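Only one structure is covered here, and it is reproduced in the block below.
The values are calculated or read from the model by the stated rules, or taken from the named source; none is laboratory data. Predicted model only: the values in this text are computed from it and were never measured. All Cβ positions, even for glycine, are placed from backbone atoms using ideal geometry, and neighbour counts span all protein chains on display. Heavy atoms of the whole protein, side chains included, go into the accessibility calculation; ligands, DNA and RNA do not. Shrake-Rupley method; radii C 1.70, N 1.55, O 1.52, S 1.80 Å.
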Amino acid sequence: MVRKFVIMGIQGSGKGTQAKLLADAFDLVHMSVGDIFRWNVQNHTKLGAHVRRVVASGHLVEDDVVERVIQARLADHDWNYGYVIDGFPRNAGQAEFFLESYDIDGVINLELPDSEVEQRVLARRLCSGCGLDYNLIAHRPKVQDVCDVCGSSLTVRSDDNPAALAVRLAEYHDKTRPVIEIFQRKEVVAHIDATRSRDEIQTEIRERFGLV
Ligand SMILES: [Zn+2]
């Protein structure tokens, strides 16, 4: 049985974690567009150079580039038991493209109220020395504002401020609402409450799609 899913959710919703848990349990391939881009940047490929340029200019990677990446990834056919696509489609155009060429069994939509996203994102800290991530809610340092590992001071990412986050939230809702509508016309969309624990969320995803 081949199982094909798309997972959606705003930053802080635990989307990557849930995708990995699902992929590991059912031998699915976790196809993360973000991971593919990061790999290309780190390995200095032509695509990596392009992604770096676009992101540095403050833009999103163009639809046709993202679509080609997904197309190529799916064409690898290393997914005997299926896949979970993470980070695509991000807008209506990408969703239409996807559904013209591929079929899926379900869309997992992790839902988190904006107030909860704000709380989680604004609690993030980053070590200025070793780059380790902290979170004042989920992963506090032993000593306030000091890295447990290297002792450097913790900082806030420049785009983790309320104004920048409000822009990201509005953009996310504007672009993903039509994606959900498009998928809802053709596929099964499971809206999952992502305020709960990691395991509770995973259990519900499996229940909703009859995965045992
Ligand atoms: Zn550190």
Q) Which residue pairs have Cβ atoms closer than 9 Å, lie 6 or more positions apart in sequence or on different chains, and pair a first residue in the stretch 53-73 that is touching a residue at least 60 places away in the same chain (Cβ under 8 Å) with a second residue that is aromatic (F, W, Y)? A) none
Q) away from the ligand (no atom under 16 Å from the Cβ) and surrounded by fewer than 12 Cβ atoms within 10 Å (Cβ to Cβ): does that describe I104? A) no
**Q.** Pair list, Cβ under 8 Å, 6 or more apart: the stretch 134-154 residue without any contact (Cβ under 8 Å) to a residue 60 or more places away in the chain, other residue open to solvent by 80 Å² or more (accessible area, probe 1.4 Å) and aromatic (F, W, Y)
**A.** none
Q) Tally time: how many residues in the stretch 131-141 are within 16 Å of the ligand (Cβ to nearest atom) and either exposed (fewer than 13 other Cβ atoms within 10 Å of the Cβ) or outside any loop (DSSP other than H, G, I, E, B) (or both)? A) 5
Q. Scanning for something surrounded by 12 or more Cβ atoms within 10 Å (Cβ to Cβ) and closer than 26 Å to K4 by Cβ, does the stretch 111-120 turn up at least one residue?
A. yes
Q) Filtering the stretch 142-196 down to residues that are in a loop (DSSP other than H, G, I, E, B) and among the β-branched types (V, I, T), which residue is nearest to the ligand (Cβ to nearest atom)? A) V149
**Q.** Matching option when the condition is touching a residue at least 24 places away in the same chain (Cβ under 8 Å), open to solvent by 50 Å² or more (accessible area, probe 1.4 Å) and among the basic types (K, R), among R185, R124
**A.** R124
**Q.** Single residue of G210, G151 found to be within 21 Å of I104 (Cβ to Cβ) and either of a type outside the set (V, I, T) or over 19 Å from the mean Cα position of the chain (by Cα) (or both)
**A.** G210
**Q.** Breaking point among (1) more than 16 Å from the ligand (Cβ to nearest atom); (2) over 18 Å from the mean Cα position of the chain (by Cα); (3) of a type in the set (D, E, K, R), for E118
**A.** (2)
Q) Residues of the stretch 188-212 being surrounded by 12 or more Cβ atoms within 10 Å (Cβ to Cβ) and of a type in the set (S, T, Y), which ones? A) T195, T203
Q. Restricted to the stretch 108-121, and to residues that are of a type in the set (D, E) and touching a residue at least 60 places away in the same chain (Cβ under 8 Å), which residue is farthest from H191 (Cα to Cα)?
A. E116
**Q.** Lone qualifier among V143, V189 - being among the β-branched types (V, I, T) and closer than 23 Å to D105 by Cα
**A.** V189
